[in-house]
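Working notes, beginning with the structure itself.
Laboratory data are not the source of any read-out in this text; all were calculated from the coordinates shown. Computed from a predicted model, the values in this text were never measured in an experiment. No Cβ is skipped: glycine too gets one built from the backbone with ideal geometry, and neighbour counts run over all protein chains shown.
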Amino acid sequence: MKVFAIRLKPNDDLKQYLKNFAIEQNIQAGFILSGIGSLKQATIRFANQDMSTVLSEKFEILSLNGTIANQGLHLHIALANQQGQTIGGHLDNGCIIYTTAEIVIGTIEEFRFQRTFDEQTGYQELEIQYSPFSS
């Protein structure tokens, strides 16, 4: 396993930054080991909703989970507002960093993650390819 540790700065877009990072580092099969920080705007898609919701307030990032690859991302985020109430859902573009985000990403060389359309779900879903002799 290879590990990357990154820090995002104020006004970075969390999802866009991670997407660009995966492409720049040619990450074929990655996953979030740890993700914390703060947002000044959150854009998340809630369960069983077609559209994302933009929340313009400050949040603590409690958790960031999911898969990351140069072929696409699938990330979920859990947030707490100023009263400690939690909310979470599918990470979308428009999650803007307030002070920082500290992200640790692991990668596995033997796997390739791709996103392909699944007729049953109607979404781009994870397709896992295994190659034991990859380097």
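For the range 66-98, which positions are outside any strand (DSSP E or B) and more than 18 Å from residue 54 (Cβ to Cβ)? Hits for the range 66-98 are 70, 71, 83, 84. Screening 22, 42 for residues that are part of a strand (DSSP E or B) and within 22 Å of residue 123 (Cβ to Cβ) leaves exactly one candidate, 42.
Just to be sure, is residue 48 touching a residue at least 60 places away in the same chain (Cβ under 8 Å), on the phi > 0 side of the Ramachandran plot and either charged (D, E, K, R) or in a loop (DSSP other than H, G, I, E, B) (or both)? The answer is no for residue 48.
For the range 32-53, state whether one or more residues are closer than 17 Å to residue 94 by Cα, touching a strand residue (DSSP E or B) at 6+ places or on another chain (Cβ under 8 Å) and acidic (Asp, Glu). So far as the range 32-53 goes, no, none of its residues is closer than 17 Å to residue 94 by Cα, touching a strand residue (DSSP E or B) at 6+ places or on another chain (Cβ under 8 Å) and acidic (Asp, Glu). Can you confirm whether residue 109 is surrounded by fewer than 16 Cβ atoms within 10 Å (Cβ to Cβ) and over 21 Å from residue 15 (Cα atoms)? Yes: the conditions hold for residue 109.
Specify the residue that is surrounded by the fewest Cβ atoms within 10 Å (Cβ to Cβ); the eligible residues are those in the range 12-49 that are more than 20 Å from residue 86 (Cβ to Cβ) and of a type in the set (D, E, K, R). Ranking the qualifying residues of the range 12-49, first place goes to 24. Hey, residue 53 hits all of (1) touching a Phe, Trp or Tyr at 6+ places or on another chain (Cβ under 7 Å); (2) surrounded by 15 or more Cβ atoms within 10 Å (Cβ to Cβ); (3) more than 27 Å from residue 128 (Cβ to Cβ); (4) not acidic (Asp, Glu) but one; which does it fall short on? Evaluating residue 53 over (1) touching a Phe, Trp or Tyr at 6+ places or on another chain (Cβ under 7 Å); (2) surrounded by 15 or more Cβ atoms within 10 Å (Cβ to Cβ); (3) more than 27 Å from residue 128 (Cβ to Cβ); (4) not acidic (Asp, Glu) leaves (2) as the failure. Does residue 4 satisfy being over 15 Å from residue 63 (Cβ atoms), touching a Ser or Thr at 6+ places or on another chain (Cβ under 8 Å), surrounded by fewer than 16 Cβ atoms within 10 Å (Cβ to Cβ) and among the aromatic types (Phe, Trp, Tyr)? Here the answer is no, as residue 4 does not meet what is asked.
Of the residues in the range 89-98, not one is surrounded by fewer than 16 Cβ atoms within 10 Å (Cβ to Cβ), farther than 30 Å from residue 132 by Cα and without any contact (Cβ under 8 Å) to a residue 24 or more places away in the chain. Residues in the range 1-19 that are assigned to a helix (DSSP H, G or I) and among the hydrophobic types (A, V, I, L, M, F, W, C): 14, 18. What residue, among those in the range 109-133 that are touching a strand residue (DSSP E or B) at 6+ places or on another chain (Cβ under 8 Å) and not in a strand (DSSP E or B), is nearest to residue 32 (Cα to Cα)? Here the answer is 109.
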